[in-house]
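**Student:** This is the structure, below, for whatever I ask next.
The values are calculated or read from the model by the stated rules, or taken from the named source; none is laboratory data. Just so it is clear, the structure is predicted and the values come from calculations on it, not from any experiment. As a convention, Cβ positions derive from the backbone with ideal geometry for all residues, glycine included, and neighbour counts pool all protein chains shown. SASA here: full protein model, heavy atoms, side chains in, ligands and nucleic acids out. Shrake-Rupley method; radii C 1.70, N 1.55, O 1.52, S 1.80 Å.
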Amino acid sequence: MIHQYQLNGYNIVLDVNSGGVHVVDDITYEMIQMLTPPLRGACPKDVADRLSEKYTKQEIAEAYHDVYTLYENDILFSDDEYEQFSDMMVSSPVKAMCLHVAHDCNLRCSYCFASTGDFGEGRKLLDAETGKKAIDFLLVQSKDRRNLELDFFGGEPLMNFGVVKEIVAYARSKEKEYHKNFRFTITTNGMLLNDPVIDYINQEMSNVVLSIDGRKEVNDRVRVRCDGSGSYDSIVPKYQRLVEKRGQDQYYVRGTFTKYNLDFAKDVMHLHELGFDQVSVEPVVSDPKLPYALTEADLPRIFEEYETLARQLIEKRKKGEGFNFFHFMLDLDQGPCAIKRLRGCGCGNEYVAVTPDGDIYPCHQFVGMEEWKMGSVLDNTFDLKKKSYFAKANIYGKEGCKDCWAKFYCSGGCNANNLQYAGDVLRPHKLSCELEKKRLECAIMMKAAMADES
Amino acid sequence: MKHIKTLNKANLKKSAAKGGCGECQASCQSACKTSCTVANQKCEHAK
Ligand code: SF4
Ligand code: SF4
Ligand code: SF4
(Lines give C-alpha, C1' and ligand atoms only; values in the text may rest on other atoms or scores of the structure.)
(Ligands and ions follow the chains in the order given, each with its own letter.)
Protein backbone atom coordinates (compact mmCIF):
# COMPACT_ATOMS: atom_id res chain seq x y z
CA MET A 1 0.00 0.00 0.00
CA ILE A 2 1.21 3.48 -0.78
CA HIS A 3 -0.14 6.96 -0.21
CA GLN A 4 0.86 9.76 -2.53
CA TYR A 5 -0.02 13.43 -2.31
CA GLN A 6 1.17 16.86 -3.31
CA LEU A 7 1.58 19.58 -0.73
CA ASN A 8 3.44 22.87 -0.62
CA GLY A 9 5.18 22.07 -3.90
CA TYR A 10 6.36 18.62 -2.88
CA ASN A 11 5.40 15.31 -4.46
CA ILE A 12 5.37 12.86 -1.61
CA VAL A 13 5.06 9.09 -1.69
CA LEU A 14 4.64 7.16 1.53
CA ASP A 15 5.19 3.45 1.44
CA VAL A 16 2.88 2.36 4.21
CA ASN A 17 4.30 -0.99 5.29
CA SER A 18 7.97 -0.04 5.37
CA GLY A 19 7.31 3.52 6.48
CA GLY A 20 9.50 4.73 3.60
CA VAL A 21 8.95 8.38 2.73
CA HIS A 22 10.03 9.50 -0.74
CA VAL A 23 10.06 12.91 -2.33
CA VAL A 24 9.83 12.45 -6.08
CA ASP A 25 9.80 14.57 -9.23
CA ASP A 26 6.77 14.98 -11.49
CA ILE A 27 7.43 12.14 -13.89
CA THR A 28 8.04 9.71 -11.05
CA TYR A 29 4.93 10.89 -9.24
CA GLU A 30 2.79 10.30 -12.31
CA MET A 31 4.45 6.97 -13.00
CA ILE A 32 3.86 5.68 -9.48
CA GLN A 33 0.20 6.60 -9.84
CA MET A 34 -0.03 4.30 -12.85
CA LEU A 35 1.87 1.34 -11.45
CA THR A 36 0.48 -1.64 -9.59
CA PRO A 37 2.75 -4.19 -7.96
CA PRO A 38 4.33 -6.62 -8.53
CA LEU A 39 6.80 -4.68 -10.66
CA ARG A 40 9.13 -6.08 -13.28
CA GLY A 41 12.51 -4.97 -14.50
CA ALA A 42 11.13 -2.76 -17.27
CA CYS A 43 8.40 -0.13 -17.25
CA PRO A 44 5.05 -1.63 -18.35
CA LYS A 45 4.29 -0.64 -21.93
CA ASP A 46 0.95 1.03 -21.27
CA VAL A 47 2.51 3.20 -18.56
CA ALA A 48 5.44 4.15 -20.76
CA ASP A 49 3.05 4.97 -23.60
CA ARG A 50 0.96 7.28 -21.48
CA LEU A 51 4.00 9.04 -20.08
CA SER A 52 5.55 9.43 -23.53
CA GLU A 53 3.10 12.24 -24.29
CA LYS A 54 4.99 14.42 -21.83
CA TYR A 55 8.39 12.84 -21.32
CA THR A 56 11.22 11.38 -23.40
CA LYS A 57 11.99 7.69 -23.56
CA GLN A 58 15.18 8.18 -21.65
CA GLU A 59 13.48 10.11 -18.84
CA ILE A 60 10.91 7.37 -18.51
CA ALA A 61 13.54 4.64 -18.39
CA GLU A 62 15.57 6.52 -15.79
CA ALA A 63 12.61 7.25 -13.57
CA TYR A 64 11.50 3.66 -13.77
CA HIS A 65 14.94 2.50 -12.84
CA ASP A 66 14.78 4.56 -9.64
CA VAL A 67 11.30 3.33 -8.82
CA TYR A 68 12.33 -0.25 -9.37
CA THR A 69 15.37 0.14 -7.14
CA LEU A 70 13.16 1.23 -4.25
CA TYR A 71 10.82 -1.61 -4.98
CA GLU A 72 13.66 -4.10 -4.82
CA ASN A 73 14.84 -2.55 -1.58
CA ASP A 74 11.39 -3.16 -0.15
CA ILE A 75 10.66 0.50 0.54
CA LEU A 76 8.09 1.02 -2.20
CA PHE A 77 5.01 -1.14 -2.77
CA SER A 78 6.34 -3.31 0.03
CA ASP A 79 4.21 -6.21 1.25
CA ASP A 80 2.16 -6.28 4.40
CA GLU A 81 3.95 -8.79 6.62
CA TYR A 82 2.31 -7.77 9.86
CA GLU A 83 -0.50 -10.29 10.23
CA GLN A 84 1.99 -12.65 11.87
CA PHE A 85 2.23 -10.22 14.77
CA SER A 86 -1.47 -9.92 15.34
CA ASP A 87 -1.24 -12.41 18.20
CA MET A 88 0.85 -9.79 20.00
CA MET A 89 -2.22 -7.56 20.10
CA VAL A 90 -3.62 -9.29 23.14
CA SER A 91 -4.27 -8.46 26.76
CA SER A 92 -1.18 -6.97 28.29
CA PRO A 93 -0.25 -5.81 31.78
CA VAL A 94 -1.74 -2.55 33.02
CA LYS A 95 1.13 -0.14 33.21
CA ALA A 96 -0.40 3.30 32.92
CA MET A 97 -3.05 4.95 35.01
CA CYS A 98 -4.92 8.17 34.93
CA LEU A 99 -5.72 9.01 38.52
CA HIS A 100 -8.61 11.38 38.97
CA VAL A 101 -7.55 13.10 42.15
CA ALA A 102 -10.25 15.74 41.98
CA HIS A 103 -13.63 15.57 40.38
CA ASP A 104 -13.95 19.24 40.89
CA CYS A 105 -12.58 22.24 39.11
CA ASN A 106 -11.98 25.91 39.72
CA LEU A 107 -12.70 26.79 36.10
CA ARG A 108 -15.86 26.36 34.07
CA CYS A 109 -14.55 25.75 30.56
CA SER A 110 -17.54 25.40 28.33
CA TYR A 111 -16.20 22.50 26.25
CA CYS A 112 -15.05 20.37 29.18
CA PHE A 113 -15.68 16.66 28.53
CA ALA A 114 -15.76 16.22 32.31
CA SER A 115 -18.87 18.42 32.61
CA THR A 116 -16.98 21.18 34.46
CA GLY A 117 -14.94 18.72 36.44
CA ASP A 118 -17.35 16.34 38.10
CA PHE A 119 -17.89 13.95 35.17
CA GLY A 120 -21.59 14.19 35.91
CA GLU A 121 -21.09 12.35 39.19
CA GLY A 122 -20.95 15.12 41.78
CA ARG A 123 -17.91 17.03 43.06
CA LYS A 124 -15.48 14.82 44.90
CA LEU A 125 -11.86 14.60 45.93
CA LEU A 126 -9.82 11.42 46.01
CA ASP A 127 -8.66 10.47 49.50
CA ALA A 128 -5.14 9.22 50.12
CA GLU A 129 -6.25 5.72 51.13
CA THR A 130 -8.07 5.15 47.84
CA GLY A 131 -5.12 6.65 45.98
CA LYS A 132 -2.75 4.20 47.63
CA LYS A 133 -5.04 1.32 46.74
CA ALA A 134 -4.85 2.50 43.14
CA ILE A 135 -1.05 2.38 43.35
CA ASP A 136 -1.23 -1.13 44.82
CA PHE A 137 -3.48 -2.17 41.96
CA LEU A 138 -0.99 -0.81 39.43
CA LEU A 139 1.98 -2.44 41.16
CA VAL A 140 0.34 -5.84 40.92
CA GLN A 141 -1.42 -5.55 37.56
CA SER A 142 1.68 -4.27 35.81
CA LYS A 143 3.25 -7.72 36.21
CA ASP A 144 6.67 -7.66 34.54
CA ARG A 145 6.47 -4.13 33.13
CA ARG A 146 9.05 -1.91 34.74
CA ASN A 147 8.07 1.58 33.66
CA LEU A 148 4.80 2.68 35.17
CA GLU A 149 3.01 5.89 34.32
CA LEU A 150 0.71 7.75 36.59
CA ASP A 151 -1.05 10.88 35.44
CA PHE A 152 -2.69 13.10 38.02
CA PHE A 153 -5.79 14.32 36.37
CA GLY A 154 -9.10 15.92 37.23
CA GLY A 155 -11.03 18.09 37.23
CA GLU A 156 -8.19 20.11 38.56
CA PRO A 157 -5.65 17.95 40.42
CA LEU A 158 -4.08 20.85 42.28
CA MET A 159 -7.33 21.22 44.22
CA ASN A 160 -6.15 18.09 45.99
CA PHE A 161 -2.43 18.74 46.03
CA GLY A 162 -1.80 17.28 49.50
CA VAL A 163 -3.09 13.91 48.35
CA VAL A 164 -1.01 14.10 45.16
CA LYS A 165 2.09 14.45 47.31
CA GLU A 166 1.08 11.61 49.58
CA ILE A 167 0.48 9.30 46.65
CA VAL A 168 3.79 10.18 45.01
CA ALA A 169 5.65 9.47 48.24
CA TYR A 170 3.81 6.18 48.66
CA ALA A 171 4.52 5.06 45.09
CA ARG A 172 8.18 5.97 45.38
CA SER A 173 8.45 3.98 48.60
CA LYS A 174 7.37 0.86 46.70
CA GLU A 175 9.61 1.21 43.66
CA LYS A 176 12.51 -0.86 44.95
CA GLU A 177 10.51 -3.69 46.40
CA TYR A 178 8.52 -4.13 43.19
CA HIS A 179 11.33 -3.26 40.75
CA LYS A 180 9.34 -0.44 39.22
CA ASN A 181 10.10 2.97 37.90
CA PHE A 182 7.26 5.44 38.31
CA ARG A 183 6.83 8.33 35.93
CA PHE A 184 4.41 10.92 37.16
CA THR A 185 2.71 13.51 35.06
CA ILE A 186 0.14 16.13 35.91
CA THR A 187 -2.38 18.06 33.85
CA THR A 188 -3.35 21.39 35.33
CA ASN A 189 -5.27 24.54 34.48
CA GLY A 190 -2.66 26.58 36.32
CA MET A 191 -4.93 28.55 38.63
CA LEU A 192 -3.37 27.18 41.82
CA LEU A 193 0.27 27.21 40.76
CA ASN A 194 2.65 29.03 43.08
CA ASP A 195 6.35 28.69 43.78
CA PRO A 196 6.27 25.70 46.14
CA VAL A 197 3.84 23.84 43.84
CA ILE A 198 5.95 24.69 40.80
CA ASP A 199 9.10 23.42 42.50
CA TYR A 200 7.39 20.23 43.55
CA ILE A 201 6.08 19.58 40.04
CA ASN A 202 9.44 20.30 38.49
CA GLN A 203 11.11 17.88 40.83
CA GLU A 204 8.65 14.99 40.78
CA MET A 205 6.75 15.08 37.50
CA SER A 206 8.42 13.73 34.39
CA ASN A 207 5.93 15.65 32.30
CA VAL A 208 3.52 18.44 32.98
CA VAL A 209 0.64 19.56 30.80
CA LEU A 210 -0.42 23.17 31.20
CA SER A 211 -3.81 24.01 29.79
CA ILE A 212 -4.26 27.24 27.86
CA ASP A 213 -5.94 27.82 24.52
CA GLY A 214 -3.81 30.58 23.02
CA ARG A 215 -4.60 34.24 22.50
CA LYS A 216 -6.24 35.99 25.42
CA GLU A 217 -9.57 36.51 23.71
CA VAL A 218 -9.64 32.89 22.56
CA ASN A 219 -8.70 31.48 25.94
CA ASP A 220 -10.97 33.75 27.92
CA ARG A 221 -13.99 33.06 25.80
CA VAL A 222 -13.99 29.44 26.92
CA ARG A 223 -11.64 28.95 29.85
CA VAL A 224 -13.46 31.01 32.45
CA ARG A 225 -13.75 31.11 36.21
CA CYS A 226 -16.98 30.47 38.06
CA ASP A 227 -17.77 34.19 37.89
CA GLY A 228 -17.34 34.18 34.12
CA SER A 229 -14.04 36.09 34.02
CA GLY A 230 -11.17 34.77 31.95
CA SER A 231 -8.17 32.82 33.25
CA TYR A 232 -5.48 34.04 30.84
CA ASP A 233 -3.97 36.83 32.93
CA SER A 234 -3.70 34.61 35.95
CA ILE A 235 -2.13 31.56 34.34
CA VAL A 236 0.29 32.93 31.76
CA PRO A 237 2.84 34.30 34.26
CA LYS A 238 2.60 31.10 36.30
CA TYR A 239 3.26 28.92 33.28
CA GLN A 240 6.17 31.10 32.25
CA ARG A 241 7.65 30.79 35.69
CA LEU A 242 7.18 27.03 35.78
CA VAL A 243 8.80 26.53 32.39
CA GLU A 244 11.66 28.88 33.15
CA LYS A 245 12.40 27.09 36.41
CA ARG A 246 11.97 23.70 34.78
CA GLY A 247 14.78 24.31 32.34
CA GLN A 248 14.00 21.32 30.11
CA ASP A 249 11.56 20.35 27.42
CA GLN A 250 9.38 17.72 29.09
CA TYR A 251 6.25 19.81 29.33
CA TYR A 252 3.43 20.98 27.11
CA VAL A 253 1.28 24.01 26.99
CA ARG A 254 -1.86 22.53 25.66
CA GLY A 255 -4.94 24.03 24.16
CA THR A 256 -8.07 23.16 22.31
CA PHE A 257 -9.40 24.81 19.20
CA THR A 258 -13.07 25.07 18.40
CA LYS A 259 -15.25 26.58 15.72
CA TYR A 260 -14.59 29.92 17.45
CA ASN A 261 -10.91 29.94 16.49
CA LEU A 262 -10.46 28.19 13.20
CA ASP A 263 -7.46 30.49 12.77
CA PHE A 264 -5.75 28.47 15.50
CA ALA A 265 -2.30 28.76 13.89
CA LYS A 266 -2.33 32.22 15.44
CA ASP A 267 -2.86 30.66 18.83
CA VAL A 268 0.00 28.26 18.34
CA MET A 269 2.25 31.13 17.33
CA HIS A 270 0.99 33.19 20.23
CA LEU A 271 1.90 30.47 22.71
CA HIS A 272 5.33 30.33 21.18
CA GLU A 273 5.68 34.10 21.48
CA LEU A 274 4.90 33.77 25.17
CA GLY A 275 8.08 31.73 25.43
CA PHE A 276 6.81 28.16 25.18
CA ASP A 277 8.51 25.78 22.80
CA GLN A 278 6.44 22.64 23.46
CA VAL A 279 2.99 23.41 22.19
CA SER A 280 -0.06 21.31 21.59
CA VAL A 281 -3.34 22.70 20.27
CA GLU A 282 -5.96 20.16 19.38
CA PRO A 283 -9.38 20.01 17.82
CA VAL A 284 -12.28 19.89 20.23
CA VAL A 285 -14.26 16.70 19.87
CA SER A 286 -17.85 17.21 20.82
CA ASP A 287 -21.46 16.71 19.95
CA PRO A 288 -21.87 18.28 16.48
CA LYS A 289 -24.96 20.09 17.71
CA LEU A 290 -23.02 22.28 20.13
CA PRO A 291 -22.27 25.80 18.90
CA TYR A 292 -18.48 25.47 19.15
CA ALA A 293 -18.35 21.98 17.62
CA LEU A 294 -16.21 21.22 14.58
CA THR A 295 -18.10 19.59 11.75
CA GLU A 296 -17.31 18.19 8.30
CA ALA A 297 -18.16 21.59 6.85
CA ASP A 298 -15.22 23.08 8.75
CA LEU A 299 -12.70 20.63 7.33
CA PRO A 300 -11.50 22.66 4.33
CA ARG A 301 -10.88 25.65 6.57
CA ILE A 302 -9.07 23.53 9.20
CA PHE A 303 -6.94 21.85 6.54
CA GLU A 304 -5.94 25.23 5.23
CA GLU A 305 -5.02 26.32 8.73
CA TYR A 306 -2.86 23.23 9.33
CA GLU A 307 -1.05 24.00 6.08
CA THR A 308 -0.50 27.59 7.12
CA LEU A 309 0.85 26.45 10.45
CA ALA A 310 3.15 23.93 8.78
CA ARG A 311 4.56 26.60 6.47
CA GLN A 312 5.10 28.98 9.35
CA LEU A 313 6.86 26.30 11.35
CA ILE A 314 9.14 25.47 8.42
CA GLU A 315 10.08 29.12 8.14
CA LYS A 316 10.83 29.32 11.83
CA ARG A 317 12.86 26.17 11.77
CA LYS A 318 14.92 27.35 8.85
CA LYS A 319 15.76 30.43 10.85
CA GLY A 320 16.76 28.26 13.80
CA GLU A 321 13.76 29.41 15.82
CA GLY A 322 11.83 26.19 15.59
CA PHE A 323 9.63 24.75 18.29
CA ASN A 324 7.59 21.60 18.71
CA PHE A 325 3.97 21.40 17.72
CA PHE A 326 2.82 18.12 19.23
CA HIS A 327 0.67 16.96 16.35
CA PHE A 328 3.36 17.58 13.74
CA MET A 329 6.06 15.77 15.64
CA LEU A 330 7.24 12.75 13.75
CA ASP A 331 10.42 10.78 13.90
CA LEU A 332 10.88 8.97 10.62
CA ASP A 333 13.82 6.92 11.82
CA GLN A 334 13.36 6.21 15.49
CA GLY A 335 9.67 6.29 16.22
CA PRO A 336 7.95 3.48 18.06
CA CYS A 337 8.10 -0.08 16.75
CA ALA A 338 5.44 -1.35 14.38
CA ILE A 339 3.82 -3.46 17.09
CA LYS A 340 3.24 -0.46 19.29
CA ARG A 341 1.83 1.40 16.31
CA LEU A 342 -0.67 -1.30 15.51
CA ARG A 343 -1.75 -1.87 19.07
CA GLY A 344 -3.81 1.22 19.56
CA CYS A 345 -3.97 3.62 22.44
CA GLY A 346 -4.04 0.97 25.13
CA CYS A 347 -7.27 2.20 26.68
CA GLY A 348 -8.87 -0.43 28.92
CA ASN A 349 -5.95 -2.75 28.36
CA GLU A 350 -2.59 -1.34 29.38
CA TYR A 351 -4.11 1.93 30.49
CA VAL A 352 -6.98 2.61 32.90
CA ALA A 353 -8.49 5.52 34.75
CA VAL A 354 -9.41 5.48 38.44
CA THR A 355 -11.98 7.84 39.97
CA PRO A 356 -12.15 9.40 43.46
CA ASP A 357 -14.49 6.53 44.37
CA GLY A 358 -11.87 3.99 43.36
CA ASP A 359 -13.84 2.91 40.29
CA ILE A 360 -11.84 1.67 37.32
CA TYR A 361 -12.72 2.81 33.81
CA PRO A 362 -11.04 2.05 30.45
CA CYS A 363 -9.69 5.61 30.26
CA HIS A 364 -10.37 9.14 31.46
CA GLN A 365 -12.88 9.76 28.70
CA PHE A 366 -15.01 6.79 29.72
CA VAL A 367 -15.29 7.94 33.31
CA GLY A 368 -18.90 8.29 34.36
CA MET A 369 -20.27 5.91 31.71
CA GLU A 370 -21.52 3.36 34.19
CA GLU A 371 -21.86 0.56 31.64
CA TRP A 372 -18.11 0.75 30.93
CA LYS A 373 -16.98 0.51 34.52
CA MET A 374 -14.38 -2.23 34.82
CA GLY A 375 -14.13 -2.71 38.55
CA SER A 376 -12.80 -1.05 41.67
CA VAL A 377 -9.43 -0.73 43.35
CA LEU A 378 -11.20 -0.87 46.72
CA ASP A 379 -12.32 -4.47 46.42
CA ASN A 380 -9.86 -5.45 43.69
CA THR A 381 -12.46 -6.34 41.11
CA PHE A 382 -11.33 -6.08 37.51
CA ASP A 383 -13.41 -7.16 34.54
CA LEU A 384 -11.04 -9.17 32.38
CA LYS A 385 -13.68 -9.68 29.72
CA LYS A 386 -13.86 -5.96 29.14
CA LYS A 387 -10.09 -5.86 29.17
CA SER A 388 -9.79 -8.38 26.35
CA TYR A 389 -12.47 -6.51 24.44
CA PHE A 390 -10.26 -3.43 24.56
CA ALA A 391 -7.16 -5.42 23.69
CA LYS A 392 -8.88 -6.14 20.41
CA ALA A 393 -9.46 -2.45 19.77
CA ASN A 394 -6.35 -2.36 17.64
CA ILE A 395 -5.79 -1.76 13.95
CA TYR A 396 -6.99 -5.24 13.10
CA GLY A 397 -10.15 -4.93 15.13
CA LYS A 398 -11.44 -1.58 13.90
CA GLU A 399 -13.51 -0.90 10.83
CA GLY A 400 -11.35 0.19 7.94
CA CYS A 401 -8.13 0.79 9.88
CA LYS A 402 -6.29 -2.16 8.38
CA ASP A 403 -6.66 -0.64 4.92
CA CYS A 404 -5.95 2.94 5.98
CA TRP A 405 -2.65 4.48 4.92
CA ALA A 406 -2.34 6.31 8.22
CA LYS A 407 -2.57 3.25 10.44
CA PHE A 408 1.06 3.22 11.59
CA TYR A 409 0.84 6.82 12.74
CA CYS A 410 -2.66 7.03 14.07
CA SER A 411 -2.92 3.62 15.65
CA GLY A 412 -6.66 3.40 15.24
CA GLY A 413 -7.96 6.60 16.71
CA CYS A 414 -9.65 7.27 20.02
CA ASN A 415 -12.01 4.60 21.35
CA ALA A 416 -13.93 7.10 23.41
CA ASN A 417 -14.54 9.43 20.48
CA ASN A 418 -15.50 6.46 18.35
CA LEU A 419 -18.05 5.39 20.89
CA GLN A 420 -19.51 8.80 21.52
CA TYR A 421 -19.60 10.14 18.00
CA ALA A 422 -19.53 7.12 15.72
CA GLY A 423 -21.59 4.89 17.99
CA ASP A 424 -19.07 2.09 18.51
CA VAL A 425 -15.61 1.74 20.05
CA LEU A 426 -14.52 -0.16 16.97
CA ARG A 427 -15.87 2.29 14.40
CA PRO A 428 -13.48 5.18 13.69
CA HIS A 429 -14.93 8.65 14.08
CA LYS A 430 -14.57 9.95 10.53
CA LEU A 431 -13.98 13.59 11.35
CA SER A 432 -11.09 12.66 13.64
CA CYS A 433 -9.64 10.43 10.91
CA GLU A 434 -9.70 13.27 8.40
CA LEU A 435 -7.92 15.58 10.83
CA GLU A 436 -5.37 12.97 11.76
CA LYS A 437 -4.54 12.27 8.12
CA LYS A 438 -4.21 15.93 7.29
CA ARG A 439 -1.83 16.50 10.20
CA LEU A 440 0.25 13.58 9.09
CA GLU A 441 0.47 14.86 5.54
CA CYS A 442 1.65 18.19 6.91
CA ALA A 443 4.15 16.59 9.28
CA ILE A 444 5.68 14.50 6.51
CA MET A 445 5.77 17.48 4.16
CA MET A 446 7.69 19.42 6.81
CA LYS A 447 10.31 16.67 6.80
CA ALA A 448 10.59 17.04 3.05
CA ALA A 449 11.00 20.79 3.38
CA MET A 450 13.66 20.47 6.04
CA ALA A 451 15.53 17.83 4.02
CA ASP A 452 15.54 20.32 1.18
CA GLU A 453 17.64 22.65 3.28
CA SER A 454 20.48 20.28 4.01
CA MET B 1 19.22 8.74 -7.52
CA LYS B 2 18.01 11.51 -9.79
CA HIS B 3 14.29 11.28 -9.48
CA ILE B 4 13.72 10.27 -5.91
CA LYS B 5 14.91 11.44 -2.54
CA THR B 6 14.18 9.05 0.32
CA LEU B 7 13.89 10.79 3.67
CA ASN B 8 14.38 7.93 6.08
CA LYS B 9 16.81 5.13 6.58
CA ALA B 10 14.86 2.94 8.95
CA ASN B 11 12.44 0.30 7.79
CA LEU B 12 9.37 -0.13 9.94
CA LYS B 13 9.29 -3.83 9.23
CA LYS B 14 12.57 -4.38 11.01
CA SER B 15 11.19 -2.67 14.10
CA ALA B 16 8.48 -5.29 14.42
CA ALA B 17 10.86 -8.18 14.93
CA LYS B 18 12.28 -6.91 18.22
CA GLY B 19 9.35 -4.72 19.16
CA GLY B 20 6.32 -4.87 21.31
CA CYS B 21 7.99 -4.90 24.73
CA GLY B 22 5.42 -2.42 26.02
CA GLU B 23 7.82 -0.36 28.11
CA CYS B 24 7.23 2.93 26.33
CA GLN B 25 4.71 5.58 27.25
CA ALA B 26 1.03 4.81 26.77
CA SER B 27 0.05 7.00 23.86
CA CYS B 28 -2.64 9.06 25.46
CA GLN B 29 -0.49 10.00 28.44
CA SER B 30 1.76 12.23 26.42
CA ALA B 31 0.00 15.52 25.92
CA CYS B 32 -3.46 15.78 24.70
CA LYS B 33 -5.49 13.04 26.28
CA THR B 34 -8.08 13.44 23.57
CA SER B 35 -6.64 11.54 20.70
CA CYS B 36 -4.31 8.80 19.77
CA THR B 37 -1.16 9.60 17.88
CA VAL B 38 1.70 7.22 18.24
CA ALA B 39 4.11 8.35 15.58
CA ASN B 40 5.44 11.19 17.70
CA GLN B 41 6.40 8.97 20.58
CA LYS B 42 9.72 7.54 21.48
CA CYS B 43 10.85 3.97 21.77
CA GLU B 44 12.40 3.21 25.15
CA HIS B 45 15.26 1.54 23.35
CA ALA B 46 16.09 4.37 20.98
CA LYS B 47 19.25 5.94 22.21
S1 SF4 C 1 9.60 0.52 23.94
FE2 SF4 C 1 10.12 0.43 21.78
S3 SF4 C 1 10.13 -1.75 21.27
FE4 SF4 C 1 9.05 -1.54 23.22
S5 SF4 C 1 6.88 -1.41 22.58
FE6 SF4 C 1 7.66 0.68 22.80
S7 SF4 C 1 8.30 1.25 20.74
FE8 SF4 C 1 8.08 -0.98 20.77
S1 SF4 D 1 -7.16 7.49 10.42
FE2 SF4 D 1 -9.10 6.48 10.99
S3 SF4 D 1 -9.21 4.68 9.64
FE4 SF4 D 1 -7.09 5.42 9.61
S5 SF4 D 1 -6.03 4.21 11.17
FE6 SF4 D 1 -6.73 6.11 12.12
S7 SF4 D 1 -8.72 5.59 13.01
FE8 SF4 D 1 -8.24 4.00 11.53
S1 SF4 E 1 -9.75 6.03 24.09
FE2 SF4 E 1 -9.14 8.06 23.43
S3 SF4 E 1 -8.96 9.28 25.27
FE4 SF4 E 1 -9.00 7.12 25.87
S5 SF4 E 1 -6.84 6.51 26.02
FE6 SF4 E 1 -7.55 6.05 23.96
S7 SF4 E 1 -7.01 7.82 22.70
FE8 SF4 E 1 -6.94 8.43 24.86
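**Student:** Near residue A:176, which lysines are there with a Cα under 16 Å away, not counting those fewer than 8 places off in the same chain?
**Tutor:** By straight Cα distance, residue A:176 reaches A:143.
**Student:** Can I ask one more? Given 25 °C and 0.890 mPa s, compute D for segment A:354-454 with the Stokes-Einstein relation, Rh being the Kirkwood radius over Cα pairs; round to the nearest whole µm²/s. Don't jump to the answer; show the numbers that get you there.
**Tutor:** Working: Rh = 15.5 Å.
My calculation gives 158 µm²/s for D.
**Student:** For residue A:54, put the label point 7 Å out on the Cα→Cβ axis and report which residues of segment A:22-42 keep their amide N under 15 Å from it.
**Tutor:** Counting backbone N atoms under 15 Å from the label point, the list is A:24-35.
**Student:** Taking 0.36 nm per residue of sequence separation and subtracting the Cα-Cα distance, how much length would be gained by fully extending the chain between residue A:65 and residue A:6, in nm to one decimal?
**Tutor:** Details: separation 59, 0.36 × 59 = 21.24 nm, distance 2.21 nm.
That pair, residue A:65 and residue A:6, stretches by 19.0 nm at full extension.
**Student:** By the gyration tensor of its Cα atoms, with a ≥ b ≥ c the square roots of the eigenvalues, what is the shape of segment A:225-314: rounded for a/c under 1.5, prolate for a/b over b/c, or oblate?
**Tutor:** On the way: a/c = 2.56, a/b = 1.35, b/c = 1.89.
Oblate, since a/c reaches 1.5 and b/c is not below a/b.
**Student:** Relative to the Cα centre, what is the charge dipole magnitude of the protein assembly as shown, using +1 at the beta carbon of each Lys and Arg, -1 at the beta carbon of each Asp and Glu, and rounding to the nearest 20 debye? Walk me through the numbers before you get to the answer.
**Tutor:** Details: 65 positive and 72 negative charges, 149 e Å.
In total the dipole reaches around 720 debye.
**Student:** Evaluate the distance, in nm, between pseudo-label points positioned 7 Å from the Cα of residue B:9 and of residue A:331 along their respective Cα→Cβ axes.
**Tutor:** Computed distance between label sites residue B:9 and residue A:331 equals 1.5 nm.
**Student:** In this model, which of A:402/B:9; A:95/A:289; A:387/A:430; A:289/A:437 are farther than 29 Å apart at the alpha-carbon?
**Tutor:** In this structure, A:95/A:289 lie more than 29 Å apart at Cα.
**Student:** Quantify, in whole percent, the carbon and sulfur part of the accessible surface of chain A (1.4 Å probe; protein heavy atoms only).
**Tutor:** Numbers: 8740 of 18000 Å².
Carbon and sulfur: 49 percent of the exposed surface of chain A.
**Student:** Which shape class applies to segment A:1-51: rounded if a/c is under 1.5, otherwise prolate when a/b exceeds b/c and oblate if not, where a ≥ b ≥ c are the square roots of the Cα gyration tensor eigenvalues?
**Tutor:** Working: a/c = 2.65, a/b = 1.34, b/c = 1.98.
Verdict is oblate for segment A:1-51.
**Student:** Taking the Cα-to-Cβ direction at residue A:181 and at residue A:225 and moving 7 Å from each Cα, how far apart do the two end points lie in nm?
**Tutor:** Distance between the two pseudo-spin positions: 4.2 nm.
**Student:** Please list, by residue number, everything in segment A:1-24 whose backbone N is under 13 Å from a paramagnetic label point 7 Å out along Cα→Cβ of residue A:80.
**Tutor:** Answer for segment A:1-24: A:1-2, A:16-18.
**Student:** Mind pulling up the Rg/Rh value for segment A:259-353? Radius of gyration and Kirkwood radius, both on Cα.
**Tutor:** 1.03
**Student:** Over segment A:1-146, with the other protein chains present, what is the accessible area per residue in square angstrom, probe 1.4 angstrom?
**Tutor:** Values: 6570 Å² over 146 residues.
Accessible area per residue, segment A:1-146: 45 Å².
**Student:** Given the C-alpha centroids of segment A:78-111 and segment A:158-212, what is the distance between them in whole angstrom?
**Tutor:** If we compute the Cα centre of each part, the gap is 20 Å.
**Student:** Quick one: compute the contact order of segment A:250-378, relative version, from alpha carbon pairs under 8 angstrom and 6+ residues apart, as a percent.
**Tutor:** Details: 135 pairs, mean separation 22.9, N = 129.
It rounds to 18 percent for segment A:250-378.
**Student:** In percent, what relative contact order does chain A have, based on Cα pairs under 8 Å that are 6 or more apart in sequence?
**Tutor:** Working: 777 pairs, mean separation 68.0, N = 454.
Normalised by residue count, the contact order of chain A is 15 percent.
**Student:** Taking a probe of 1.4 Å and counting only protein heavy atoms, give the total accessible area buried between chains B and A in Å², rounded to the nearest 100.
**Tutor:** Numbers: alone 5030 and 20330 Å², together 20180 Å².
Using a 1.4 Å probe on protein heavy atoms, the buried area is about 5200 Å².
**Student:** Could you compute how much accessible surface residue A:68 exposes when probed at 1.4 Å, giving the result in Å² to the nearest 10?
**Tutor:** Only protein atoms counted, so the area is about 50 Å².
**Student:** With each label point set 7 Å from Cα along the Cα-Cβ vector, what nm distance links residue A:244 and residue A:169?
**Tutor:** 3.1
**Student:** Another question, if that's okay. For chain A, just say rounded, prolate or oblate: build the C-alpha gyration tensor, square-root its eigenvalues into a ≥ b ≥ c, call rounded for a/c under 1.5, and beyond that prolate if a/b exceeds b/c, oblate if not.
**Tutor:** Numbers: a/c = 2.10, a/b = 1.57, b/c = 1.34.
Because a/c hits 1.5 or more and a/b exceeds b/c, chain A counts as prolate.
**Student:** Top to bottom by accessible area (1.4 Å), largest first, where do A:427, A:146 land?
**Tutor:** Working: A:427 90, A:146 125 Å².
The ordering from most to least exposed comes out as A:146, A:427.
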